[in-house]
Every structure is written in C-alpha cells, then in structure tokens.
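Participant: I have a structure I would like to understand better, so I am pasting it below and will then ask my questions one at a time.
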Amino acid sequence: MFRSPAVASISVLRRTLLPLSAQSSPFISKVNAFVNFSQLASFKPPPIKNEPTLEFSKGSLEWDYLKEGILQLTDNGPIDVPLVIGGQKIYDREVVPQVNPSNKKQVLANARQATKDDVQNAITAAKDAKNKWMSMPLHERSAVFLKAADLISTKYRYKMLAATMLGQGKNVFQAEIDAVAELIDFFKFNVTYASELYSQQPLESAPGVWNRAEYRPLEGFVYAVTPFNFTAIAANLIGAPALMGNTVVWKPSASAILSNYVLLEVLEEAGIPAGVINFVPGEPRLVTDEVLDDPCFSALHFTGSTNVFKSLYSKISSNVNKDIYREFPRLVGETGGKNFHIIHPSANIEHAALSTLRGSFEYQGQKCSATSRVFVPESKWEQFKAILSDNMNQIQQTNISSSSGFHGFVGPVIHQQSYDKLSKVIEDAETDPELEIVSGGKHSDSVGFFVQPTLLRTSNADHEYLKTEFFGPIVTAYVYSDAEFSTILHKIDTSTQYGLTGSIFACDRSAIVEAEETLRYAAGNFYINDKSTGAVVGQQWFGGARMSGTNDKAGSANILSRFVSIRNIKENFYELKDYKYPSNFD
C-alpha cells in the first residue's frame, strides 16, 4: 500500500526522537488523531481451501454433539426471536411461529414481526452505521467474517446444524454441506476475492501521472431478501455486500428464522458493529414496500421465486422512472429453475440413474438447482427406470422430531403451502392421460409435511410438467427415440423460461460436444456426467440467466463487484506552463 513521506516521517519521529515518557503526550495524541495507523500495511488474507465436511458415520461422536445441539434449541420451548435494529433487540411485537416441518405441532421459534416504523428505523440504522463501517479498512471488515467462519466451524457448528435441520427439514448431510461448509466457504473465499478486487488497478500511467481505482461501497443501503432452503445463501446475501462496506436491511424467510437468527448471533459475537446488518422479519410486502420506496435504496440481493423477483424488478423500475432513487439500484437475483438431465444412449445408465436420484430428491427437491425433468433414450428406458425405481423404493425418511429419525435420505417439505401444492401435482397426475406415476406418489401431512419422492413419465414432450417448477421431490421423465437426440436438445433449450442448471450423461464425446453447444444458454451451470446440483464455492461459480436470475455467480469474485461503485482517480504531478499543445503552432 502507498505510504506517504509525511506518514513515514511521523513514524520515525515516534520511534527515534521522542523518549518513551513522551509517547502519551498531547502532541502524540494529535499525531494519532491525524494518522490512521491501520493503513500502514497491506494485509494478505490467510490461505483458503474449502471447509471439510464431517461424515457423521455410524457410531461417531458427532451424533452425540448434534443431539446436544438439538436439545439446546428444543428443551426450553420455542426460541424468542426479536427484531434487531441498530443493535437493539425488540421483543414487544406481534409473533409468527416457525414450526418443525417434521412435526408441525412443535413450535421452534416465535419471530417478532416488523411494523412500518420498524422498517423505517432499520433503514435509518443502516444509514447511520454506514460511514463508520465503510471507513474501516478492508482487513478490519474481513476479520469479522473470518472470525464468524471460525466460530461456525467450532463453537457454533452443532447449534447451526441443529437449527437448520429442525427448522428447514434437512438431514445431517444436507445441513453440514450447507449451514457449515458452504457458509464458511462464502465468508472465507469472499475475503480473498475482495482483497484481489481491491488490488485490481489501472495498468498504465503516463509520465507525471498516477492513476488509481477506489472501490467504494454503494452510496445507500442494500436490501437482502433471503430464502428458506439454504442457510449459507442467507449468509452470502447479507455478508457479500457488508464485506464491501455496505450496510444491510435483512428480511429473512419466515421458514428459516431459527437458523438465520443463530447466524446473526454468530456475526454479533464476531464483532459486526450495530446497524451494519438489521434483522427485520415481517410480512414480505410490508417490509419490501417500505424499503423500495426509500431514496437511499441502492441494491437488492435476492434469492427466491422468479415471479417475486419480477414483481420487485417492476416496482424498482417504476420508482426509477419516478425519480425516487439517487442512483440506479443494483439488482442481483437468483430465482427459479426447471433443471434437466439429458441421457444419451452411450451413457453409463446406472450412474445416470443414481445421479438423477440424488439430483432430484436430495433435500426433497427444494434446491433451485434440483433435477426436475429427465430425458431418457428409448433403448435405455427400462434399465434406467428399474435402477431408479428400485433405489427410490429403498429411500428412508428423515424425521427430525426424534433421534431415531436422524439417518434418512429425505425429509419433509418446508410448510403446509408447499405440501398442498405438491400433493395436488401428484393427484392431478393420477387423472392425466399423458402422465404415469412410475414410482412414489404417496403423501401425508398428519404429522409433518411429507411427500414421497415421485417419478412421473409423460408421453407429451410439451407437457406442462416439463416446464413448471414445482420445488419438491417430483421429477418428470420423457422417453425419446434414440435418433431424436438432437431434436430433444433443442426442445430442452426452448421449452422453458429458465436457464439455471443441467447435465448431459454420455460417453460419446461428440454427443457431449453437441449438448454443450446446443445448450449453451440453457444452463448457467452445466454438468457433464454429474448431477445438476451441488455447486461448491470457489469451484463451480453458481447462477443462471434467462428467468433464473441475473447470473452474477455466487461463490466467485464476480458477485462482489456488484456491491461496489468504482471511482477512478487521476493525480497529475506536472504543472502547466502553457495551454498549447505541440500541434498548436503558428
């Protein structure tokens, strides 16, 4: 980092000219006030690698620690979750409960609901905290997130796992890769990416000129709208803009309140200053309308449904036209998907079938990247169907309401609305002449919101079930004539509005190349002989285009650039003696 002669001389003055007794003199106090000594070094983040995941193998001590974490969150009844605005916890508001989707009678948390005044106070708190937070050097802000990552890896690991399993219906493996590994990776990798971004400077300066770039945070505040399905996504939606010096108004999902509040506790213990992140659970429309009508709204960081993002996009665009905002707000969104597996006749069918099972039914298909349509060649259908169905019939259910239910592969869907939607999809399939239920199809909400993993087959390549996102454990297969591979690729590319994830399974390299070319814009994350889910921070940057989002690639440096506004500075050291250029001669 550049060090000015003035700063250097003051440092020498302190070390050599003054006796130790004078170090606390009024003069030195004035020197300290004048110089920001935290800027006297250029810091390099610690080395990073992806956080390892625990296996929770049979008989391991991890299970005992996990059970303790669950008891910690359930033994004393529901957790009281306040609003947190400007560092102040507010409890005297209306309550909305979060229930355990495995056991709908068990209330896990009572979340206070923000009023319009609360949202306005959160906006004010974000504004008030902004100057001090953005003035902190990057390494100081980074330290907060590195410490938070360390706390989650150690002290809070099992509490975070338990909160995510209980509240969001995940089995331990899905919770481990989400609420621990991916969350830690987001915080650590973002620190390195931010340091690299700050170091990107103009490549050339003319003689007598110093060109440099300043990565300012956005001028206003950021609104983060986070989903239920990944605790790590919530962490990144608030953490990425905050790391870059922004302050945040955070509306968490009502179905992830428990884990999101634990995350906030971690950040508070890690030293996040009051007002940098303001936690405002509440009725979505009420919170959003207040936020989007504020002139200092600068960015939306969103993960959720395509239709909700469209509505927010529309309202923001309307407000731009009304000159409400001081600047054009940044819109960063990751939305829906109708993700595909295309199986070529040359594929390893067992591998393709088992990958489809994982891609479709891990976390009950409630991943934006989940496989929900699969195209199988006629010559391989019977083999594919047999392998997939046989393994589906062996799937065990996870029920996080007793320790005996911890080890299953699938769990409940998130809430009653989701259950009602998915059960209707299955019931409609039973009477649709173009659909056949090949495997699964059972569902019950007597205890929790359980929908059995279900494989449907359609005889219509244009059926609505191959186009509509269900966000649950339902996958629809279409069997194509082997000779129609190229036609089916075109159908995959054009039949939906989405472009999130997809996979080709083939051994024939020419088929892989054809799929890569034809499906270039059909998936922002494209997989070859692997399932359509499971992007890892720093390895597979994640995001899709079309109506799947703005494709800003979470897990990479790209997304951080969306939360800074660059100022270029040109400093000239030469003084003019004449206004004329050499070409201006008589």
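The values are calculated or read from the model by the stated rules, or taken from the named source; none is laboratory data. Just so you know, these numbers come straight off a predicted model, no measurement behind them. Every residue, glycine as well, gets a Cβ built from its backbone with ideal geometry; the counts of neighbours run over all protein chains shown.
Participant: When only residues in the range 370-401 that are farther than 21 Å from residue 471 by Cα and small (Gly, Ala, Ser) count, which is surrounded by the most Cβ atoms within 10 Å (Cβ to Cβ)?
Facilitator: 401
Participant: Here is a further query. Return yes when residue 424 is charged (D, E, K, R) and either at positive phi or assigned to a helix (DSSP H, G or I) (or both) and no when it is not.
Facilitator: Here the answer is yes, as residue 424 does meet what is asked.
Participant: What number of residues within the range 472-484 satisfy the criterion of being buried (at least 22 other Cβ atoms within 10 Å of the Cβ) and either assigned to a loop (DSSP other than H, G, I, E, B) or charged (D, E, K, R) (or both)?
Facilitator: Qualifying residue count for the region: 2.
Participant: Considering the range 563-586 alone, what residues qualify as being surrounded by fewer than 20 Cβ atoms within 10 Å (Cβ to Cβ) and in contact with a strand residue (DSSP E or B) (Cβ under 9 Å, 6 or more places away or on another chain)?
Facilitator: Selection gives 565, 566, 567, 568, 569, 570, 571, 572, 573, 574.
Participant: Out of (1) outside any loop (DSSP other than H, G, I, E, B); (2) crowded, with 20+ Cβ neighbours inside 10 Å, the odd one out for residue 350 is which?
Facilitator: All conditions pass for residue 350, except number (2).
Participant: Can I ask one more? Can you find, within the range 353-378, the residue that is farthest from residue 414 (Cα to Cα) among those that are of a type in the set (Phe, Trp, Tyr) and in a helix (DSSP H, G or I)?
Facilitator: 361
Participant: Now for a different question. Does residue 434 meet the test of being modelled with pLDDT of 95 or more and surrounded by fewer than 22 Cβ atoms within 10 Å (Cβ to Cβ)?
Facilitator: Here the answer is yes, as residue 434 does meet what is asked.
Participant: From the list 193, 215, exactly one residue is touching a strand residue (DSSP E or B) at 6+ places or on another chain (Cβ under 8 Å), modelled with pLDDT of 95 or more and not acidic (Asp, Glu). Which is it?
Facilitator: 215
Participant: Please state which one of 361, 309, 328 is surrounded by 23 or more Cβ atoms within 10 Å (Cβ to Cβ), outside the structural domain of residue 439 (by TED's automatic domain parsing) and either in contact (Cβ under 8 Å) with a residue 60 or more places away in the chain or of a type outside the set (Val, Ile, Thr) (or both).
Facilitator: Result: 309 is the single residue among 361, 309, 328 that is surrounded by 23 or more Cβ atoms within 10 Å (Cβ to Cβ), outside the structural domain of residue 439 (by TED's automatic domain parsing) and either in contact (Cβ under 8 Å) with a residue 60 or more places away in the chain or of a type outside the set (Val, Ile, Thr) (or both).
Participant: Just one of 414, 342, 395 is over 26 Å from residue 257 (Cα atoms), at pLDDT 95 or above and in contact with a helix residue (DSSP H, G or I) (Cβ under 8 Å, 6 or more places away or on another chain); which is it?
Facilitator: 342
Participant: Being not hydrophobic (A, V, I, L, M, F, W, C) and not in a loop (DSSP other than H, G, I, E, B) is the filter here, so list the residues in the range 562-586 that pass it.
Facilitator: Across the range 562-586, the qualifying residues are 562, 565, 567, 568, 570, 571, 572.
Participant: Now for a different question. Only one of these is more than 27 Å from residue 284 (Cβ to Cβ), in contact (Cβ under 8 Å) with a residue 60 or more places away in the chain and assigned by TED's automatic domain parsing to the domain that holds residue 177: 116, 132. Name it.
Facilitator: The match here is 132.
Participant: Picking from 241, 252, which residue would you name as being more than 16 Å from residue 329 (Cβ to Cβ) and in contact with a helix residue (DSSP H, G or I) (Cβ under 9 Å, 6 or more places away or on another chain)?
Facilitator: Exactly one of 241, 252 is more than 16 Å from residue 329 (Cβ to Cβ) and in contact with a helix residue (DSSP H, G or I) (Cβ under 9 Å, 6 or more places away or on another chain), namely 252.
Participant: Quick one: in the range 489-519, which of the residues that are assigned to a strand (DSSP E or B) and polar (S, T, N, Q) is nearest to residue 367 (Cα to Cα)?
Facilitator: It comes out as 501.
Participant: Would you mind stating whether residue 564 is assigned by TED's automatic domain parsing to the domain that holds residue 485 and of a type in the set (Val, Ile, Thr)?
Facilitator: no
Participant: Tell me which residues, restricted to the range 439-464, are out of contact with any Asp or Glu (no Cβ under 8 Å at 6 or more places or on another chain), buried (at least 17 other Cβ atoms within 10 Å of the Cβ) and either among the aromatic types (Phe, Trp, Tyr) or over 22 Å from residue 164 (Cα atoms) (or both).
Facilitator: Selection gives 439, 440, 443, 449, 450, 454, 455.
Participant: Would you pick out the residues in the range 95-128 that are under 20 Å from residue 167 (Cβ atoms) and charged (D, E, K, R)?
Facilitator: 104, 105, 112
Participant: Tally up the residues in the range 101-121 that are buried (at least 19 other Cβ atoms within 10 Å of the Cβ), in contact with a helix residue (DSSP H, G or I) (Cβ under 7 Å, 6 or more places away or on another chain) and within 18 Å of residue 278 (Cα to Cα), please.
Facilitator: 3
Participant: Of the numbered conditions (1) under 30 Å from residue 196 (Cα atoms); (2) in contact (Cβ under 8 Å) with a residue 40 or more places away in the chain; (3) not aliphatic (A, V, I, L, M), residue 521 fails exactly one; give the number of that condition.
Facilitator: (2)
Participant: Next question. Just one of 255, 205, 259 is at pLDDT below 95 and either out of contact with any Leu (no Cβ under 8 Å at 6 or more places or on another chain) or not small (Gly, Ala, Ser) (or both); which is it?
Facilitator: 205
Participant: Of everything in the range 520-558 that's small (Gly, Ala, Ser) and in a strand (DSSP E or B), which residue is surrounded by the fewest Cβ atoms within 10 Å (Cβ to Cβ)?
Facilitator: Step by step, filter the range 520-558, then rank; the result is 545.
Participant: Another one. Of the residues 316, 324, which is in contact with a Pro (Cβ under 7 Å, 6 or more places away or on another chain) and part of a helix (DSSP H, G or I)?
Facilitator: 316
Participant: Could you list, in sequence order, all residues of the range 379-393 that are within 18 Å of residue 408 (Cβ to Cβ) and in a helix (DSSP H, G or I)?
Facilitator: 390, 391, 392
Participant: Could you list, in sequence order, all residues of the range 502-519 that are within 32 Å of the chain's Cα centre (by Cα) and either surrounded by fewer than 15 Cβ atoms within 10 Å (Cβ to Cβ) or under 20 Å from residue 349 (Cα atoms) (or both)?
Facilitator: Residues satisfying the conditions are 502, 503, 504, 505, 506, 512, 513, 514, 515, 516, 517.
Participant: Could you say which residue among 164, 124 is of a type in the set (S, T, N, Q) and surrounded by fewer than 24 Cβ atoms within 10 Å (Cβ to Cβ)?
Facilitator: 124
Participant: Between a first residue in the range 191-202 that is assigned by TED's automatic domain parsing to the domain that holds residue 557 and closer than 16 Å to residue 569 by Cβ and a second residue that is part of a helix (DSSP H, G or I) and modelled with pLDDT of 95 or more, which pairs have beta carbons less than 8 Å apart while being 6 or more apart in sequence or on different chains?
Facilitator: Matching pairs, first to second residue: 198/138.
Participant: Turning to a different aspect of this structure: With the structure loaded, tell me whether residue 496 is of a type in the set (Val, Ile, Thr), over 30 Å from residue 104 (Cβ atoms), crowded, with 20+ Cβ neighbours inside 10 Å and not assigned by TED's automatic domain parsing to the domain that holds residue 170 or whether it fails that test.
Facilitator: Yes; evaluated as a whole, the condition is true for this residue.
Participant: State whether the residues of the range 242-262 include one that is under 28 Å from residue 78 (Cα atoms) and touching a Cys at 6+ places or on another chain (Cβ under 9 Å).
Facilitator: No, every residue in the range 242-262 fails to be under 28 Å from residue 78 (Cα atoms) and touching a Cys at 6+ places or on another chain (Cβ under 9 Å).
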